[in-house]
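Read through the structure below, which is laid out as structure tokens, and then see the notes.
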Amino acid sequence: IVNTLYLFGLVLLFQFDNVRRGGIYYTFQEGIILFLFLNYGLTYALILSQVGILVFQFMSHRKAIRWKRFAYLYPINALFDLVYISLPVFAYEALGGPIGSSFTYTKALIPFIGFLITVFLVSYFQCLLVNRFLFLKYDWQRLVKLQSLVYGISMLSALLGIWFYDESPLVAATVSALILFLFKRLLQERGDLLEANDNAKRFDDAKEHLLISRFERETIDSLLLDLPHLLPFSEGWISIQQQRKQVIYDIRTKQPIDVLPLFHSLTADDLHTPIIYGLRCDWGNDIQIGLPVDRHSMLAIPSITSGEVDVSIILFHQVADAYDATNADELSRLLRIFCRVLERSRETVQLYTESRTDALTELPNSRAFYEHGRQEFAADCYPLSVILFDIDHFKRVNDTYGHKVGDLVLRELGRRIQVIQLQHDDVFAARYGGEEFVL
């Protein structure tokens, strides 16, 4: 009983300390299960593995979705575990693989090759079944590649552990577990480090692109251009609200679309934290928005606000558990920067407009006239007419009635010029200086 409890503790250790890659959890318990099979037989290995999966599936999810996840995942995971253990073992035994006290390394070489080939075949067919019946997207090439690494390390640890079996079964199991744990930790830390560095670089580049943006359109285009490279998604929408005007963009096409009902719930007052779901069974009824049945992962940032700018974003993906809290934090920080830059861009536009507008007549000033003129000549917009005119005897108006009345005259002339502009789209008008104007 003590031996069994100790070995079961090793199984649970690897179940809960897993590595997630591409929406799949790699527990690395295969080394311990293989060790159990080679020393105690298939039945004993299956029992400990199945009990371990039962405990892991029930305890590994947060309370809000625990029962949904358990009902959805436990049957299929228990079945796959049986297949992953049984079929390779049957191939191993069919090729004359030794177990127990009769185990020798030379006799096990060819049976282990058959064992690995069976693992690859099972991985391939698992992907086909999961894609077809559970609508979960798994890349079978990546799965087979990672399974090769996992089972290669697992077999190595099991074989090294057997070396110490004559001293004590528990010592042998401990050695096998330590070797496997070391390899797993190295792989996990390396993978996490590479992924973290890659994510940090992508998000830093996106932040830099936003910070150098000056105008509203440039800022929005910069974000829409970078988002597809930051996080994987199948569908994604972003809502940008300014001064009570809301525009929703499809991130894939970068085009505005009609308002999605889902965004109304995401911008509610009680939703200020990211929403993360990993499987379709986790979603609430208010998130059923007619997406294909193979959309599982969801990441929603309900409301990021700065001044009069409010941004919400929602992403869906085919891969299960594609998003985590780190993704949500990085995206939230990026959206906060976006809001501040967008707010700043409105101020920049206002300052730009004011610097090129005559405050008295509200017409463009001479600086705007020269800029517009350069554009017209550069674009070869001919025929082109330029009319420079002034107000006759304007000095007499100022001298007789005062400068306030003179300002009223200038303002009225500016209003009449704007009326002409409304009637003719191709007329540009500016106050050139004093009482001089240009068309």
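The values are calculated or read from the model by the stated rules, or taken from the named source; none is laboratory data. Since this is a predicted model, take the numbers as computed values, not measurements. Neighbour counts are summed over all protein chains in view; Cβ atoms, including those assigned to glycine, are modelled from backbone coordinates with ideal geometry.
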Between Tyr72, Tyr44, Tyr105, Tyr84, which is farther than 30 Å from Pro292 by Cβ, surrounded by 14 or more Cβ atoms within 10 Å (Cβ to Cβ) and among the aromatic types (Phe, Trp, Tyr)? Tyr44
Subset tally (residues that are crowded, with 19+ Cβ neighbours inside 10 Å and not hydroxyl-bearing (Ser, Thr, Tyr)) for segment 170-202: 8
Considering only residues of segment 296-337 that are touching a strand residue (DSSP E or B) at 6+ places or on another chain (Cβ under 8 Å) and charged (D, E, K, R), which is farthest from Gln242 (Cα to Cα)? Asp321
For the condition within 22 Å of Leu182 (Cβ to Cβ) and of a type in the set (Asp, Glu), what is the one hit in Asp81, Asp17? Asp17
One residue is enough: does segment 148-165 have a residue meeting the conditions part of a helix (DSSP H, G or I), over 25 Å from the mean Cα position of the chain (by Cα), closer than 19 Å to Leu82 by Cα and of a type in the set (Phe, Trp, Tyr)? yes
Please pick out the residue among Ala322, Ala300, Ala328 that is surrounded by fewer than 19 Cβ atoms within 10 Å (Cβ to Cβ), among the aliphatic types (A, V, I, L, M), under 30 Å from Leu260 (Cα atoms) and within 24 Å of the chain's Cα centre (by Cα). Ala328
I'd like to know if segment 120-128 contains one or more residues that are without any contact (Cβ under 8 Å) to a residue 12 or more places away in the chain and more than 18 Å from Leu95 (Cα to Cα). yes
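Could we say that Ser49 is touching an Asp or Glu at 6+ places or on another chain (Cβ under 8 Å), under 20 Å from Gln147 (Cα atoms) and crowded, with 16+ Cβ neighbours inside 10 Å here?
In short, yes.
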Go through Val409, Val419, Val397, Val386 for me and flag whichever is surrounded by fewer than 13 Cβ atoms within 10 Å (Cβ to Cβ) and either in contact with a helix residue (DSSP H, G or I) (Cβ under 9 Å, 6 or more places away or on another chain) or in contact (Cβ under 8 Å) with a residue 60 or more places away in the chain (or both). Val386
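Residue-wise test of (1) more than 29 Å from Ser168 (Cα to Cα); (2) modelled with pLDDT of 85 or more; (3) out of contact with any Pro (no Cβ under 6 Å at 6 or more places or on another chain).
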| position | (1), (2), (3) |
| --- | --- |
| Ala45 | no, yes, yes |
| Leu48 | no, yes, yes |
| Ile53 | no, yes, yes |
| Phe56 | no, no, yes |
| Arg62 | yes, no, yes |
| Tyr105 | no, no, yes |
Would you check if there is a residue in segment 427-435 being without any contact (Cβ under 8 Å) to a residue 24 or more places away in the chain and closer than 19 Å to Thr353 by Cα? yes
Exactly one of (1) touching a residue at least 60 places away in the same chain (Cβ under 8 Å); (2) closer than 30 Å to Gly414 by Cα is unmet by Tyr370. Its number? (1)
Failed item, numbered, when Lys137 is tested on (1) in a helix (DSSP H, G or I); (2) surrounded by 14 or more Cβ atoms within 10 Å (Cβ to Cβ): (1)
When Val247 is run through (1) modelled with pLDDT under 90; (2) in contact with a helix residue (DSSP H, G or I) (Cβ under 9 Å, 6 or more places away or on another chain), the failure sits at (1)
Go through (1) surrounded by fewer than 15 Cβ atoms within 10 Å (Cβ to Cβ); (2) of a type in the set (S, T, N, Q); (3) more than 26 Å from Phe125 (Cα to Cα) one by one and return the number of the condition Asn39 breaks. (1)
